[in-house]
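One structure is given here, and the rest of the page talks about it.
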Amino acid sequence: MAEGLRERKKRRTRQHISDVATALFLERGFDAVTIAEIAEAADVSVNTVYNYFPAKEDLFLDRGEDAVDRLSRWVRGRRTGESAARAVLRELREAVETLSPAVGLFEGCADFMRVVLEVPALRSRLWRIRQDGLGELERTLRAEVAAPDDDPVPALVAGQLDWLHTALTDRISAGMAERRDPREVSREALALLDEMEDLLGERVLDYAVRLT
C-alpha cells in the first residue's frame, strides 16, 4: 500500500529527530547529551521525542527494527529455486558491491562505531538487536519449511546465516574504523564472503529451497 500523508510526515519527523540526536552524540558524546537538548535542537517537545524513541539508545540505533528483520526479510524474499543461504549470500554481495550503509560501508562508520564502543548501554543494545534478529530468523526458517517445534535444524541454519552476516559486518566495521576507502574495504569483504561460502556445508546451502 502507498504511504499516506500522515505516515510520511511521521516517518520524516522520526528521521529528523534521529539525525539531530546522532549529530549531537557524535559531536559531544552520548552521555553528555540530554533528551531535552535533543528536543530543543530538533524543535519538538520532549514528549514527542519519547513518543518516537522510548529509550535514549533508540535515538542512536534508530534502525534496530530493520536490522532485526533483515535476514528474515531476505529469506522470505528468496527467488524460485533459491535456498535461504543463497538468498542471504546474494543480498550480502549486493550490499557490499553497492557500498550500502546497511553493512557499514559509509564514511562516518568509524565515528559511529566509536560512540557505540564507548557506551556500554549502546553495546548492550546492539547485542540485543543481533540476538533478536537471530531468533526472528529461526522462526522464519521454521515457518518456511513447516518444521515442527522439536526440529533443531532451523536454529542451526539460522546460526550459520547469522554468522555470515555478523562476521562480514564486523570485518567491514574494523576496516572502516581505520578510515580506509570504502571501495577497498568492499573488495576485501567480497573476497571474505567467498571464503565463508566455501566453509558452509551443502545441507546449509541447500536448506529451504523455494520450489514455486
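When the chain is treated as a GNM with alpha-carbon contacts under 10 Å, the residue of A85, A177, A147 showing the greatest mean-square fluctuation is A147. Could you give the accessible area per residue of segment 1-130, probe 1.4 Å, as a whole number in Å²? Heavy-atom accessible area per residue stands at 56 Å². Summing charges over all other residues whose Cβ lies under 13 Å from the Cβ of M176, with Lys and Arg as +1 and Asp and Glu as -1, gives -2. Among residues other than A155 with Cβ under 13 Å from its Cβ, the summed charge is -4 (Lys and Arg +1, Asp and Glu -1).
For segment 98-183, the relative contact order is 53 percent, taking Cα pairs closer than 8 Å that sit 6 or more residues apart in sequence and dividing their mean separation by the residue count. If you build a Gaussian network model of the chain, linking Cα atoms that sit under 10 Å apart, which residue out of A110, A41, A174 swings the most? Checking each option, the largest mean-square fluctuation is seen for A41. Spatial offset of segment 139-212 relative to segment 48-92 amounts to 14 Å, using the alpha carbon center of each.
Derived from the Cα gyration tensor, the three semi-axes of the equivalent ellipsoid of segment 111-212 are 30, 20, 9 Å, largest first.
Can you tell me what percent of all Cα-Cα pairs in segment 16-111 are more than 15 Å apart? The calculated P(r) of segment 16-111 puts 68 percent of pairs beyond 15 Å.
When the chain is treated as a Gaussian network with alpha carbon springs shorter than 10 Å, the biggest mean-square fluctuation among L117, L193, L99 belongs to L117. Across segment 52-149, the mean sequence separation of Cα contacts (distance under 8 Å, 6 or more residues apart), normalised by length, yields a relative contact order of 40 percent.
With contacts taken as Cα pairs under 8 Å at a separation of at least 6 residues, the chain carries a relative contact order of 27 percent.
The values are calculated or read from the model by the stated rules, or taken from the named source; none is laboratory data. A quick note: this is a predicted structure, and the numbers were derived from the prediction, not measured. Cβ coordinates were reconstructed from backbone atoms using ideal geometry, including for glycine residues, and neighbour counts include every protein chain displayed. The accessibility values were calculated without ligands, DNA or RNA, using every heavy atom of the protein model including side chains. Shrake-Rupley method; radii C 1.70, N 1.55, O 1.52, S 1.80 Å.
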